[in-house]
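The values are calculated or read from the model by the stated rules, or taken from the named source; none is laboratory data. None of these values were measured; they are calculated from a predicted model. As a convention, Cβ positions derive from the backbone with ideal geometry for all residues, glycine included, and neighbour counts pool all protein chains shown.
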């Protein structure tokens, strides 16, 4: 895709590795967007040397502006690589399998980013659905309104696919940290929230594939979030002990929610409703 470089507003970075089963849906979603919106965007694929047909799929897509193919140290390293090559004023990160909500979503996103610039916001959060890995009905992600302290405690979902950030700020912050495993996106949003509130676009913009590693390893997340908070907020003494207790409470809360959700899905009343 040949973007209008003078008016390049957004860079979309897609990190892939053996993603041939999922990438076509993402690229088709982008290809369905309005031509005038696509002209203000570039799409960068950062591939970790896939062994399947991921690269062939990327090369055949008219929306892909650039492909970077080399070994990496995981998804956050790949996304950081894409950001280094980004020419757009704003950055957006998608995973293979994630889609835009409908054919107007990119246009709506660019309009919202223009408003964010006008109001001097440097990051934005938009509406998103969790597609559940393609199984079952989409579920709205309750990430709006963004409440920083709830995010910081792990009580509000964070979805990097429904988060946009100015490229200059992302680079100034050092991008995604590789030190926190699956919590790299939580860490970035935590740090951005310390700098200022996001612009909020409440319309549905993103369909997050879901069903990935971060959800399957959800029981590990509270401890990872505790580690992020401990380091980023310089917690010591009683504050550190209190945060550790909060992490344990969040573990119990999350386990209870998962069990209740499973019970609802199995309930005859739920299926007959």
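What pairs can you find where one residue is in the range 236-263 and farther than 11 Å from residue 154 by Cβ, the other is surrounded by 12 or more Cβ atoms within 10 Å (Cβ to Cβ) and at pLDDT below 85, and their Cβ atoms are less than 9 Å apart, with a gap of 6+ or different chains?
Close Cβ pairs (under 9 Å, with a partner that is surrounded by 12 or more Cβ atoms within 10 Å (Cβ to Cβ) and at pLDDT below 85) amount to 258/218.
Do we find that residue 163 is under 29 Å from residue 243 (Cα atoms) and at pLDDT 95 or above in this structure?
Details: under 29 Å from residue 243 (Cα atoms): yes; at pLDDT 95 or above: yes.
Here the answer is yes, as residue 163 does meet what is asked.
Whether any residue in the range 44-60 is buried (at least 20 other Cβ atoms within 10 Å of the Cβ), touching a residue at least 60 places away in the same chain (Cβ under 8 Å) and under 20 Å from the mean Cα position of the chain (by Cα) is what I want to check.
Scanning the range 44-60 turns up no residue that is buried (at least 20 other Cβ atoms within 10 Å of the Cβ), touching a residue at least 60 places away in the same chain (Cβ under 8 Å) and under 20 Å from the mean Cα position of the chain (by Cα).
Just one of the numbered conditions (1) over 17 Å from residue 164 (Cβ atoms); (2) surrounded by fewer than 16 Cβ atoms within 10 Å (Cβ to Cβ) is not true of residue 23; which one?
Result: residue 23 passes all but (2).
Within the range 168-178, can you find the residues that are closer than 24 Å to residue 109 by Cα and buried (at least 18 other Cβ atoms within 10 Å of the Cβ)?
In the first step, residues of the range 168-178 are kept if they are closer than 24 Å to residue 109 by Cα; the result is 168-173, 175-176.
Hits for the range 168-178 are 170, 175, 176.
When you check residue 210 against the structure, is it surrounded by fewer than 14 Cβ atoms within 10 Å (Cβ to Cβ), outside any helix (DSSP H, G or I), in contact with a helix residue (DSSP H, G or I) (Cβ under 9 Å, 6 or more places away or on another chain) and modelled with pLDDT under 95, yes or no? Walk me through it before giving the result.
Details: surrounded by fewer than 14 Cβ atoms within 10 Å (Cβ to Cβ): no; outside any helix (DSSP H, G or I): yes; in contact with a helix residue (DSSP H, G or I) (Cβ under 9 Å, 6 or more places away or on another chain): yes; modelled with pLDDT under 95: yes.
Here the answer is no, as residue 210 does not meet what is asked.
Based on this model, can you work out whether residue 126 counts as assigned to a loop (DSSP other than H, G, I, E, B) and touching a helix residue (DSSP H, G or I) at 6+ places or on another chain (Cβ under 9 Å)?
Taking the combined requirement at face value, the residue does not satisfy it.
Going through 97, 154, 134, 74 one at a time, which residue ends up being surrounded by fewer than 14 Cβ atoms within 10 Å (Cβ to Cβ) and at positive phi? Spell out the reasoning first.
Values: 97 fails: surrounded by fewer than 14 Cβ atoms within 10 Å (Cβ to Cβ); 154 fails: surrounded by fewer than 14 Cβ atoms within 10 Å (Cβ to Cβ); 74 fails: surrounded by fewer than 14 Cβ atoms within 10 Å (Cβ to Cβ).
Criteria check complete, one pass: 134.
For residue 139, all conditions in the list (1) buried (at least 19 other Cβ atoms within 10 Å of the Cβ); (2) within 18 Å of the chain's Cα centre (by Cα) hold save one; what is the number of the exception?
(1)
Checking residue 181 against (1) surrounded by fewer than 20 Cβ atoms within 10 Å (Cβ to Cβ); (2) touching a strand residue (DSSP E or B) at 6+ places or on another chain (Cβ under 7 Å); (3) at pLDDT below 95; (4) within 24 Å of residue 84 (Cα to Cα), which single condition isn't satisfied?
Checking residue 181 against (1) surrounded by fewer than 20 Cβ atoms within 10 Å (Cβ to Cβ); (2) touching a strand residue (DSSP E or B) at 6+ places or on another chain (Cβ under 7 Å); (3) at pLDDT below 95; (4) within 24 Å of residue 84 (Cα to Cα), the one that fails is (2).
I'm checking my understanding of the structure. Among residues of the range 224-239 that are touching a helix residue (DSSP H, G or I) at 6+ places or on another chain (Cβ under 9 Å) and assigned to a loop (DSSP other than H, G, I, E, B), which one is nearest to residue 177 (Cα to Cα)?
This residue is 233.
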